[in-house]
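Peer 1: Pasting a structure below so you can have a look.
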Amino acid sequence: MAKKFYITTPIYYPSAAPHLGHAYCTTMCDVIARGKKMRGYDVFFLTGLDEHGEKIQKNAEAKGVTPQQFVDEISVRFTSLWDAMEIKYSDFIRTTQPRHEKTVQKIFSRMVEQGDIYLSSYTGWYCVHEESYWTETQVGPEHLCPECGRPVEKKDEPAYFYRCSAYAEDLLRMYDANPNFITPESRKNEMVHTFIEPGLQDLCVSRTSFSWGVPVLENPGHVVYVWLDALTNYITALGYLQDDDSNFKRYWEDPDSEIVHVIGADITRFHTIYWPMFLNSLKLRQPNRVFVHGLLMMKDGKMSKSRGNTISAYPLIERYGVDAVRYYMVSEVPFGDNGTFTPEQFVMRINQDLANNIGNLVNRTVSMIIKYFGGVIPAFVSGVNPQDKELEEMMKDGLRHYEMLSDDLKVTEAYAEVMNVVSRANKYIEETAPWALAKDPEKSKELESVMAHLAAVLYYAGMLLSPILVKKSPAIFASLGLEEGKVSYDHVVDFGYLNGLTVVKGDQLFPRLDAAKEEEAIKEMMAAPKEKAAA
Ligand code: ME8
């Protein structure tokens, strides 16, 4: 039976339209999900929106619409962007959907019944922007939010609390038993030393000061505080405590299902401390991993909706194609590290990797097979040229590394393995010099072998890059004369698979860009008026 894999993005706040930072996280998850599907896993990929909270309520009021109208409008901006980015999610959860709200109420009631949640009152420093309460020490003498730097306000209200102390020990035991639970490792140390060791404060899980949230059935006037509401999306979307809970059984309850949450560093505390505790309360298994990716920044700091220093993915997709944008995200920022978006690097990646490396290999290989063999791919034989074996071994090793690195979520490195093989193949052309072999009738075997090897590399690269190059990968297969149904992961190092097929010359895969001109064009996109950039 196929191995199960459940991957989630954070559910984003639809307080404004999405920017390239949101697209980054979602694209990385899409690439991971597609990669697993390609390898035969049974995959469920969830993304969605976190639609409640004071910030949404205030933004809606400012616009003169209801919060529901407000989120309905912005949700379309998210789903349209995901369509444009070719994101193939299995489900899109919105926390205003009845399936979610009803389940959150059941979860809340159960926690109250169990004594995990109790009624008290809260006084604290509250940041409206981050929707977080902070302690006196955290806000410092100037009373500024430690996360976003905005002024915080003192608040006092009746509120329900989640009893964290009950589960702190379990949490540390769970981290010890699952060394990969939080990756990268540095994030785990930060959680343990900054939050758990000093003693966890009970978490406020309801509000009375605003109304845009899931009503607490036990106590009218209270709405569920946004993190208990938000985090549970990962199970409500699967049908937890609902009539049809088949996906929940399949992707969550099954101990063999691998569960991965991908998040940004800003929300690590919620996913690695509170979420495991909530799951403990519900007597549910833990996810296998919370992977903390880095931020995509602009030169002047973190890209964020409120700072207005965002760049939209749309003009980039329009001008360079979705594959180029997806490839840039995977290759430029090692997954887990922070990265800075610059027009120079964007253009350099396209030119160096896509145009000069893979694009060039496709172009040269197809042209030479047409020129020397009338378009028919010669039969694959091993060991004719001195470099043949090395190239074959590199492909086999590369495949093993690709799988291992992908499974470990070292996504950037995994795809770099594939691009290394492509570079090696371009070098193999220089070394074997097919144009010279073609002039010597004694060397026809050598020439056949070179062409068969190059075609095999195209199949290999087309397949392994397909989770990123969703449009161009089918074009590579088409140029090898393969019909859609004939493409399968099983043949990725099945070197004789292409024998006798007839290649087809297609359009240039990735035309080389005029660097200076394109850098200017991207700078203009970055300077576009905020509303346009966010569209
Ligand atoms: O925090 N670079 O929503 P949010 C890379 N609703 N990724 C970025 C980014 C950037 N510049 N900016 C945002 C929330 N992200 C909550 C989450 S989950 C149960 C609730 C990504 O709209 C990154 O993954 O502020 C970050 O964690 C997430 O968007 C935060 O999105």
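Throughout, read-outs are computed from the coordinates displayed, never taken from laboratory work. Keep in mind that what you see is a predicted model, and the values were worked out from it rather than measured. Cβ placement follows ideal geometry from the backbone for every residue including glycine, while neighbour counts extend to all protein chains displayed.
Peer 1: What are the extents of the Cα atoms of segment 132-270 along their three principal axes, listed from largest to smallest and rounded to whole Å?
Peer 2: Per principal axis, max minus min of the Cα coordinates gives 49, 40, 27 Å.
Peer 1: If I stretch the segment between Asp408 and His143 completely, what's the gain in nm (0.36 nm per residue apart, minus their alpha carbon distance), one decimal?
Peer 2: 91.3 nm is the gain from fully extending Asp408 to His143.
Peer 1: Further, regarding this structure: Please give the net charge around Ser165, taking every other residue with its beta carbon less than 12 angstrom from that of Ser165, where Lys and Arg add +1 and Asp and Glu add -1.
Peer 2: Charge balance near Ser165 sits at -3.
Peer 1: Taking the highest mean first, how do the peptides 17-29, 496-508 order by number of other beta carbon atoms within 10 angstrom per residue?
Peer 2: With the highest mean Cβ count within 10 Å placed first, the list reads 17-29, 496-508.
Peer 1: Within segment 176-221, report the GluC sites (Glu not before Pro) that DSSP leaves as loop and that have at most 15 other Cβ atoms within 10 Å.
Peer 2: Glu218
Peer 1: Please list the non-local residues whose amide H lies under 5 Å from the amide H of Tyr126, H modeled 1.01 Å from N, same-chain partners needing a gap of 5 or more.
Peer 2: So Tyr126 has HN proximity to Trp134, Glu153, Lys154, Lys155.
Peer 1: For the residues Ser165, Ser80, what sequence is obtained by ranking on other C-beta atoms within 10 Å, fewest first?
Peer 2: Ser165, Ser80
Peer 1: If you don't mind, another one. Suppose every K and R has +1 on its Cβ and every D and E has -1 on its Cβ; what is the size of the dipole of the chain about the Cα centre, in Debye to the nearest 20?
Peer 2: Here the chain has a charge dipole of around 700 debye.
Peer 1: While we're here: Quick one: 3J(HN,Hα) in Hz for segment 390-405, Karplus 6.51/-1.76/1.60 with θ = phi - 60°, rounded, Gly and Pro as x.
Peer 2: Karplus values, whole Hz, x for Gly and Pro: 4, 5, 4, 4, 4, 5, 5, 4, x, 5, 4, 5, 4, 5, 5, 5.
Peer 1: Still on this structure: Read phi for every residue in segment 65-71 and hand back ³J(HN,Hα) as whole Hz from Karplus 6.51 cos²θ - 1.76 cosθ + 1.60, θ = phi - 60°, with x for Gly and Pro.
Peer 2: Per-residue couplings from phi come out as 10, 6, x, 5, 4, 4, 6 Hz.
Peer 1: Excluding residues on the same chain fewer than 8 positions from Lys55, give the lysines whose Cα lies under 23 Å from its Cα.
Peer 2: Partners within reach: Lys63, Lys102, Lys154, Lys155, Lys302, Lys305, Lys530, Lys532.
Peer 1: Scan around Gly48 for amide H atoms under 5 Å from its own, H built in the peptide plane at 1.01 Å from N, and keep only partners 5 or more places away or cross-chain.
Peer 2: HN-HN under 5 Å from Gly48: Tyr12, Ile93.
Peer 1: Quick one: Cα centre-to-centre distance for segment 165-197 and segment 82-149, in angstrom?
Peer 2: Segment 165-197 and segment 82-149 have Cα centres spaced 20 Å from each other.
Peer 1: Another one. Once amide H atoms are built 1.01 Å from N in the peptide plane, which residues 5 or more positions from Ile259, or in another chain, come under 5 Å H to H?
Peer 2: Answer set, sorted by chain and number: Tyr6, Asn288, Arg289.
Peer 1: Here is a further query. Going by Cα centres, segment 473-525 and segment 267-296 are how many Å apart?
Peer 2: That distance is 39 Å.
Peer 1: Arrange the following residues from fewest to most other Cβ atoms within 10 Å of their Cβ: Leu513, Leu454.
Peer 2: With the sparsest Cβ surroundings first, the list reads Leu513, Leu454.
Peer 1: Let me ask something else about it. Checking the cross-link filter: which aspartates and glutamates have an alpha carbon closer than 18 Å to that of Lys410, excluding same-chain neighbours under 8 positions apart?
Peer 2: Straight-distance partners of Lys410: Asp30, Glu185, Glu258, Glu332, Asp337, Asp397.
Peer 1: Could you compute the net charge surrounding Asp507? Neighbours are other residues with a C-beta less than 14 Å from the C-beta of Asp507; K and R count +1, D and E count -1.
Peer 2: Charge balance in the 14 Å sphere: +3.
Peer 1: Same structure again: Quick one: angle between helix 360-373 and the longest Cα principal axis of the chain, in degrees between 0 and 90, rounded to 10, please.
Peer 2: 30 degrees
Peer 1: Okay, moving on. Say each of Asn219 and Glu61 gets a label point 7 Å from the Cα, pointing the same way as Cα to Cβ; how far apart are those two points in nm?
Peer 2: Each label point lies 7 Å from its Cα, and together they span 2.2 nm.
Peer 1: I want to verify the translational diffusion coefficient of the chain in µm²/s; compute it with Stokes-Einstein, Rh as the Kirkwood radius over Cα pairs, at 37 °C and 0.692 mPa s.
Peer 2: Answer from the Stokes-Einstein relation: 129 µm²/s.
Peer 1: If you don't mind, there's one more thing I want to ask. Give the order of His401, His271 when sorted by the count of other beta carbons within 10 angstrom, beginning with the fewest.
Peer 2: Placing the least packed residue first, the sequence is His401, His271.
Peer 1: Once phi is turned into ³J(HN,Hα) by the Karplus curve 6.51 cos²θ - 1.76 cosθ + 1.60 with θ = phi - 60°, what whole-Hz value does each residue of segment 248-257 show in order, with x for glycine and proline?
Peer 2: With the stated coefficients, segment 248-257 comes to 5, 5, 6, 9, 10, 6, 5, x, 7, 7 Hz.
Peer 1: Looking at this model, which pairs from Lys396/Lys471; Lys106/Lys249; Lys58/Lys106 are more than 21 angstrom apart at the alpha-carbon?
Peer 2: Beyond 21 Å between Cα atoms: Lys396/Lys471; Lys58/Lys106.
Peer 1: Here's a follow-up. Ser331: net charge of surrounding residues, Cβ under 11 Å, Lys/Arg +1, Asp/Glu -1, itself excluded?
Peer 2: That works out to -1.
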